8 protein chains.
Amino acid sequence: MPIELKSFTKLLYSEINTKIMYKIDKTDINIVNALLEDGRMSASEIARQIGDISERAVRYRIERMVKEGIIRVSAIINPQAFGMDIYADIWVEVESDKILEVAKKMTEYENVTYVASSLGEADVSIQVVAKDTAEVYRFVTEMVRKFPGVRRTVTSIVPSILKDIYQWRIPNSVVENVDE
Amino acid sequence: MPIELKSFTKLLYSEINTKIMYKIDKTDINIVNALLEDGRMSASEIARQIGDISERAVRYRIERMVKEGIIRVSAIINPQAFGMDIYADIWVEVESDKILEVAKKMTEYENVTYVASSLGEADVSIQVVAKDTAEVYRFVTEMVRKFPGVRRTVTSIVPSILKDIYQWRIPNSVVENVDE
Amino acid sequence: MPIELKSFTKLLYSEINTKIMYKIDKTDINIVNALLEDGRMSASEIARQIGDISERAVRYRIERMVKEGIIRVSAIINPQAFGMDIYADIWVEVESDKILEVAKKMTEYENVTYVASSLGEADVSIQVVAKDTAEVYRFVTEMVRKFPGVRRTVTSIVPSILKDIYQWRIPNSVVENVDE
Amino acid sequence: MPIELKSFTKLLYSEINTKIMYKIDKTDINIVNALLEDGRMSASEIARQIGDISERAVRYRIERMVKEGIIRVSAIINPQAFGMDIYADIWVEVESDKILEVAKKMTEYENVTYVASSLGEADVSIQVVAKDTAEVYRFVTEMVRKFPGVRRTVTSIVPSILKDIYQWRIPNSVVENVDE
Amino acid sequence: MPIELKSFTKLLYSEINTKIMYKIDKTDINIVNALLEDGRMSASEIARQIGDISERAVRYRIERMVKEGIIRVSAIINPQAFGMDIYADIWVEVESDKILEVAKKMTEYENVTYVASSLGEADVSIQVVAKDTAEVYRFVTEMVRKFPGVRRTVTSIVPSILKDIYQWRIPNSVVENVDE
Amino acid sequence: MPIELKSFTKLLYSEINTKIMYKIDKTDINIVNALLEDGRMSASEIARQIGDISERAVRYRIERMVKEGIIRVSAIINPQAFGMDIYADIWVEVESDKILEVAKKMTEYENVTYVASSLGEADVSIQVVAKDTAEVYRFVTEMVRKFPGVRRTVTSIVPSILKDIYQWRIPNSVVENVDE
Amino acid sequence: MPIELKSFTKLLYSEINTKIMYKIDKTDINIVNALLEDGRMSASEIARQIGDISERAVRYRIERMVKEGIIRVSAIINPQAFGMDIYADIWVEVESDKILEVAKKMTEYENVTYVASSLGEADVSIQVVAKDTAEVYRFVTEMVRKFPGVRRTVTSIVPSILKDIYQWRIPNSVVENVDE
Amino acid sequence: MPIELKSFTKLLYSEINTKIMYKIDKTDINIVNALLEDGRMSASEIARQIGDISERAVRYRIERMVKEGIIRVSAIINPQAFGMDIYADIWVEVESDKILEVAKKMTEYENVTYVASSLGEADVSIQVVAKDTAEVYRFVTEMVRKFPGVRRTVTSIVPSILKDIYQWRIPNSVVENVDE
């Protein structure tokens, strides 16, 4: 069952680069920071922490930011909770004219947590989670390398991830320039 | 201001590999799937969608899964909403005995969305977001390469990300083996 | 004697990204195309070729485009006319924190026709012209590699250049969208 | 519409290596330096700056040097003036016997500002300009890599160009040896 | 005549990862250390060296450890005793979907002492012994590279082996944690 | 506690290349094959299997072959029996004049099962066993890369070993040429 | 017209490794050294320089050493005397099973001064001489890369050769061990 | 004892590129071809084979060609005749400013048959002969890598040399253009 890519994803060949209209302010940033700590914090709790704002305003602002594609609030599953202790990066070299097909196929595999196209040495780079290195190897040899257009792979174990996208914060340079 | 790494992160040198005790079931998986769609869906709405479960039970199970480190619910900020259109992977080669120091330093930079140690050609790999390639370049030359212990970097533009960790689902192999 | 970089050059760290205000039209494009053929074609000859425009208007438009940084009209010296038959690309790997210094130094050498910073495997890439491969080698070993901060070079002969920047034309996609 | 390569270009397989007959002198060099500053400087202005030469002599010498292939005077279009802010180098590895065909095809694309054959790791190297990295990527995946004979590409962003061919001057070693 | 792989080998895709039930103690470790010195030391001699154990108990424990797959006692042939002085590592790059076939074939060649699959740059890595480098070369060009699916090989002479698997001892961390 | 290298090991810089004097025959080969199956098979059982030879002669021949360095009989410990499921190859690049020191140091680590010097891209190559990839990583970053003279490492997981030195047999070409 | 390889060449797959029977002494070495200086020095002049030997004995010893394949006396043509100033090394990667065919073909080209098979990254390495880099390039693209089985080439200019095989002398270690 | 480089060697930085004045003709080429077969063929025998030329003329022409640097006649020692069966190429990467020193030092080692500077990945490339791979390794680790300025080496065994410089002939293109 292929994953349906959400609009939040940075789309390939996004012809319509719809401009984000909503102009965030300091209050929005405070709300986002609260949701970074706990995505399920209630609007009333957020309002209490920030002060000078109603629960309803908090709820409205969250909805707006989600709708405008500024943030997304989502569960993130911990692969290790399911015994998937091994992370591996796989660089995929692809027959000259099959890059997009291969990249799309990779998103469908359930071991795959990340798929990106690349302009460097590799054509497509993916990250997988697995129970052990044998499962990584089986995935590489029986899935990735059997898919037509895949020419070569280099796999590298990722011993630890110290920061991931859901820990990224709005940069200070942005924070300092928003309206009070 | 350095980022405090959350316990959810796969820690480097995690001596105490605390076992996860909570045994999830089909209902938990349904809840997780709902939260993947919308991390702020109310417990009552989730209960309604799943059926045969009280709002309170949903709330309890979410709390439990978060506490046990099975899931995390979090805002994820869209860098593009702040004009940060450019994604780049940077592979960092480090003086033999400085890997951990460099990796930790990298997590502190606000352009950096991902930091991992690697067992392959690079020692540390990071992903950054930036307004344009000039900002990427400035970051590489003035931040990363000026940090002691960094020997060499190779930077590669990431034209598109087709799948990321917050889109990853519990694999079918796991789903099929949980209790009803 | 170091070369003074003209404002036309894509500057490193250009903080003031002065917006180009002048909006070109079809007539401007016709003028540019004429100047691509012969940069010294007189305004009156251009006016005659294009039709429906005065010599004075042609002169004004050229001045304007030059002033706005849209085009530059320049002599381009043919190195082969001076017996410099050999072109070589040199990729320079630089000590982590010396990229800009090295790049700037390279612009000063009179054998060097091109200097760019790079985000790939090399840190700085240059092109040189020389009388023979011995001169290329002498330049690499006695100039480039003796400059502090240069760690390694890879030199590659360029047997032929089939197109260069002064042969580049305004893309059709742009041409089609300008006003009549 | 393929570009017609001008005779100024260093031709591939140039069987007839016509010798340049015209012997330049110090006055010619002064004229060339003036035209490097401003390719449209009038002959009378150049004569005035140099002194001891008639406007007509200046005009004659320029014509001669152009005709002999010593210099070319041309408009050079600033890609950034058309919103093409991104420069990228693309190294193209080609099926063993398709090098020339691929190189020639590359000259025809309107994003391409530079095409050269290479004797190093790559077979053909090109430089492209584009509005953003997405356009670079689209060009690589849909144009370059779809052309028969292209086996592999490595793309690298060029954050800044500090010197280009139209800024190259006649080397001092040459200047010192010409007749007064 | 293909070699039958012994169960001791770390099997590819070992679906049944039979757990080892036997819990070794300090006495077992003493026995193993004796057998590392001399695999044919008699049970009575081992009993005498260790003390406080009967010959019969020693014999029983060895049998048990072999049966459980904890140790193997085997002759190891010295290739140099047969004039095979040259050791070489060969990295084999394989057509995307032929890894397992190629790896299996390699085990059958009598020059080959080691075959492993790899997740790095190579797909399969082997070690060979030979009388001289000419025999290595003949093996590479006439055997390995003629086998369908082999795309490329890189061969590297191994001037000396300072430690091999039969010299590996039970790590102290394990030794310290076993029961007296 | 450093490992004392046995004389069986292919020694570095072996000045005295003592010639092996003992000339093996078909009977010896039969004995070796028996010992490859089971290194602890009794001399009487071997004599019975081969036929036409006394137990004493078998014992004498084994002793002789061991003494002459033709074979070694040894326990080989299965790292997986101690929970060490992960095998990894580590290529070590060493400061120009430290190769031998680094190689010797590597033999002392208890995770290391194989150490060899190399004439290819790496200077020293080792194989390690570990409980998990985190232990591999800890070993690389805290042991190998902290040792003076180590400049760089590349680590690659070995998903499966299909053949190892203790499974190598006397080549047919040798077998066919020995006396009856 | 293919070159007939002389028996002096280190032959590929030399099954008959004919042992050299003639045992050289100090006098032979003196003769060889004289012939290294001037291959056409007359036997009488050599006899005079060495002393205590007849012209006839010198002649006999030279003939013997040539016949036994110890030395060869030959003209060596200086490519630069024919305007072939450019030396280039070409590394050729070959389809898995075509190494020998490609290597043999390369020996036939008249630009080629050296052909060897290799066990490293390349499969065949050659050296060529040419009038200029354009001729090198034409040779690579029209000859080498058009030959079936050639997959890829990397060409590198050789700016200077400081020592070549005809300047190699008998090592001191050999000289010291021969009989007076 | 360092080798004195003969003037025949293509010198580094040869400022005085003395032009070769002697114009060879068909007769010279016939003489050279005879000397390629046998460098010690007597002038009278050469005269007999060619016809229509006196012995004295042959002698004069040889002397002239040697003096003009067109040919050299020399003994070439067969390393295999001294038990040096192993050929290896060593690529040497050198500290940025030590290329020439390292290259010169390499010419002095008696195992070294070839030294060249390079403009590709390596800085200096050498070829060595040795009794066995252990001697190659000892040479690399104890000589080459201990010399100050040497940063890294990659060594590759050369299984066979199919053509060498002393087998190179005057190209047909040259032969066809000389006077009768």
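The values are calculated or read from the model by the stated rules, or taken from the named source; none is laboratory data. These figures come from a predicted structure and were not determined experimentally. Note that each Cβ is placed from the backbone with ideal geometry, even for glycine, and that neighbours are counted across all protein chains shown. For the accessible areas, the whole protein counts, side chains as well, though only heavy atoms, and no ligand, DNA or RNA atoms are used. Shrake-Rupley method; radii C 1.70, N 1.55, O 1.52, S 1.80 Å.
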>> Looking at the structure I just gave you, is A:Pro148 open to solvent by less than 20 Å² (accessible area, probe 1.4 Å) and either within 12 Å of chain B (Cβ to nearest Cβ) or over 26 Å from F:Lys131 (Cβ atoms) (or both)?
In response: no
> Mind checking which residues of the range B:149-180 are of a type outside the set (Val, Ile, Thr) and closer than 30 Å to D:Ile86 by Cα?
Replying inline: B:Arg151, B:Arg152, B:Ser156, B:Pro159, B:Ser160, B:Leu162, B:Lys163, B:Asp164
>> I'd like the full set of residues that are more than 7 Å from chain E (Cβ to nearest Cβ), touching a strand residue (DSSP E or B) at 6+ places or on another chain (Cβ under 8 Å) and touching a residue at least 40 places away in the same chain (Cβ under 8 Å), limited to the range F:107-128.
In response: F:Gln127, F:Val128
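So which of E:Tyr87, E:Tyr137 ends up being in contact (Cβ under 8 Å) with a residue 60 or more places away in the chain and of a type in the set (Phe, Trp, Tyr)? Step through it out loud before you land on a result.
Values: E:Tyr137 fails: in contact (Cβ under 8 Å) with a residue 60 or more places away in the chain.
From the options E:Tyr87, E:Tyr137, the qualifying one is E:Tyr87.
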>> Kindly evaluate B:Ser173 against the criterion of being among the hydroxyl-bearing types (Ser, Thr, Tyr), touching a strand residue (DSSP E or B) at 6+ places or on another chain (Cβ under 8 Å) and either free of Cβ contacts under 8 Å to residues at least 60 places away in the same chain or within 17 Å of A:Met106 (Cβ to Cβ) (or both).
In response: no
> Looking at this structure, is G:Glu135 open to solvent by less than 60 Å² (accessible area, probe 1.4 Å) and either within 11 Å of chain H (Cβ to nearest Cβ) or more than 30 Å from C:Leu162 (Cβ to Cβ) (or both)?
Replying inline: yes
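Conditions tested, residue by residue: (1) within 26 Å of H:Val175 (Cβ to Cβ); (2) under 16 Å from the mean Cα position of the chain (by Cα).
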site	(1), (2)
G:Val66	no, yes
G:Ile70	no, yes
G:Ile76	yes, yes
G:Pro79	yes, yes
G:Asp85	yes, no
G:Lys98	no, no
> Which of the following residues is modelled with pLDDT of 90 or more and under 22 Å from the mean Cα position of the chain (by Cα): D:Val150, D:Val94, D:Val128?
Replying inline: D:Val128
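Can you tell me which of C:Gln49, C:Gln80 is within 8 Å of chain D (Cβ to nearest Cβ) and polar (S, T, N, Q)?
Going through C:Gln49, C:Gln80 in turn, just one is within 8 Å of chain D (Cβ to nearest Cβ) and polar (S, T, N, Q): C:Gln80.
Based on this model, can you work out whether C:Thr141 counts as out of contact with any His (no Cβ under 7 Å at 6 or more places or on another chain), assigned to a strand (DSSP E or B) and closer than 24 Å to H:Glu101 by Cα?
no
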>> Which numbered condition in (1) at the interface with another protein chain (Cβ under 7 Å from one of its Cβ atoms); (2) surrounded by fewer than 22 Cβ atoms within 10 Å (Cβ to Cβ) is the only one that G:Val175 fails?
In response: (1)
